[in-house]
1. Among the residues of segment 30-40, are any under 19 Å from the mean Cα position of the chain (by Cα), part of a loop (DSSP other than H, G, I, E, B) and either buried (at least 21 other Cβ atoms within 10 Å of the Cβ) or at pLDDT 85 or above (or both)?
2. Please go through segment 425-450 and pick out each residue that is modelled with pLDDT under 95 and either assigned to a loop (DSSP other than H, G, I, E, B) or more than 28 Å from residue 263 (Cβ to Cβ) (or both).
3. Out of curiosity, is residue 169 more than 30 Å from residue 340 (Cβ to Cβ), modelled with pLDDT of 65 or more and not in a helix (DSSP H, G or I)?
4. What tally of residues in segment 43-68 results from selecting those that are in contact with a strand residue (DSSP E or B) (Cβ under 6 Å, 6 or more places away or on another chain), buried (at least 23 other Cβ atoms within 10 Å of the Cβ) and in a loop (DSSP other than H, G, I, E, B)?
5. Mind telling me which of the residues 288, 259 ends up being in contact (Cβ under 8 Å) with a residue 60 or more places away in the chain and more than 29 Å from the chain's Cα centre (by Cα)?
6. Answer yes or no as to whether residue 422 is modelled with pLDDT of 95 or more, part of a loop (DSSP other than H, G, I, E, B) and either closer than 29 Å to residue 307 by Cβ or touching a helix residue (DSSP H, G or I) at 6+ places or on another chain (Cβ under 7 Å) (or both).
7. What number of residues within segment 15-42 are more than 13 Å from residue 72 (Cα to Cα) and in contact with a helix residue (DSSP H, G or I) (Cβ under 8 Å, 6 or more places away or on another chain)?
8. Return the residue satisfying two criteria in turn: it lies in segment 324-357 and is in a loop (DSSP other than H, G, I, E, B) and in contact with a helix residue (DSSP H, G or I) (Cβ under 8 Å, 6 or more places away or on another chain), and of such residues it is surrounded by the most Cβ atoms within 10 Å (Cβ to Cβ).
């Protein structure tokens, strides 16, 4: 009997939700068959089977979630006996799925070290992994190991909770985030879960008054509660972490786009005659300008890991795409080495894949800089939140006719405002300013984008 486990389809994925089973109990299953549609924190993915035989039992029903590595189904011979507990017999082996596709080592993004203990990434105890922890029935075994999801462990560490005293309600007794949050609520009552005290006691002060929680609704008010999607939960967690750990500062610049619009018209006139026509957008030229500017000011193409600056050898530009369920940032790899037409084709492919839920994990990972453009919504200017582990993001506003002084005369020119959000741990104001000046020079003399 082979155990099918929840696959890990991305670096940030901690659990997945079964949206639909593609096979029914009793159906034959071959390697490579589409087994289930799974909702991750970024996209919906068709999970392939790495087991062969007959689908004997479904352990996680449609609409239910399971931690990465947790058993979700059993595949075996038609006459093979099911284990008593319906999960896995002692001789059963999990059907191992390959790890999610990774970028080449030179492009792979290291996980940034946290500045303080609050955001220190949690790790499973040595010798355990998602699959083995999911198959253990109690949360804490005789060996003293506690099986807990990474996010639950991090929250427990932040609040100095003794995880050995928390009852797990996840798959096979695994402690999940809801269990830790329930334990935190219990701290406010006399029967609170004991808390491990910090090693260093703070200087005695007047006790801080707890902040009263904001009520979810007032009497007589009508509300509709909508559960957060996995994508929205991830957006909330990552961007909250970004704003709390990365000291943002902002630089705004106005750029004349008159010549850029003329160049775009000329390129598109030529591109219409190609065997495979393509239409270049203003955003494509902006991304190309960003990539060229990063090549000339490489100090911006960095990450901060707590102790070091990590200078990236590749320029991979993420483009923010708004979806109904949230925001996703597909990545154009080696954007500085792509011609404008090639970049436009790749951008269109990634945006279409994002909107149809067909992005692959490697297509939204490994970015080194991001661009967020709200110009199509007539937004004049805004500030964007840095997408960790990157150190900067460019917010692009609408192109608007603007009166300006040229050679002592007031004339109307098309101009747009861009705002660079910068992580001050990695970059200083002068470095960000040099990047924006280079970007402005490229867009105002746009032939440099083609040579």
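1. The answer is yes; a qualifying residue exists.
2. Within segment 425-450, just 450 meets the criteria.
3. Values: more than 30 Å from residue 340 (Cβ to Cβ): yes; modelled with pLDDT of 65 or more: yes; not in a helix (DSSP H, G or I): yes.
Spelling it out, residue 169 is indeed more than 30 Å from residue 340 (Cβ to Cβ), modelled with pLDDT of 65 or more and not in a helix (DSSP H, G or I).
4. 2
5. Numbers: 288 fails: more than 29 Å from the chain's Cα centre (by Cα).
After applying the criteria, what remains is 259.
6. Numbers: modelled with pLDDT of 95 or more: yes; part of a loop (DSSP other than H, G, I, E, B): no; either closer than 29 Å to residue 307 by Cβ or touching a helix residue (DSSP H, G or I) at 6+ places or on another chain (Cβ under 7 Å) (or both): yes.
Taking the combined requirement at face value, the residue does not satisfy it.
7. Number satisfying all stated conditions: 4.
8. Applying the first criterion (in a loop (DSSP other than H, G, I, E, B)) to segment 324-357 yields 324-325, 329-330, 333-334, 338-339, 356-357.
Cutting the leftovers down to in contact with a helix residue (DSSP H, G or I) (Cβ under 8 Å, 6 or more places away or on another chain) gives us 325, 330, 338.
Working: 325: 16, 330: 25, 338: 21.
Ranking the candidates gives 330 first.
The values are calculated or read from the model by the stated rules, or taken from the named source; none is laboratory data. What you see is a predicted model; the values in this text were computed from it and never measured. Heads up, the Cβs are rebuilt from the backbone with ideal geometry, glycines too, and the neighbour counts pull from every protein chain shown.
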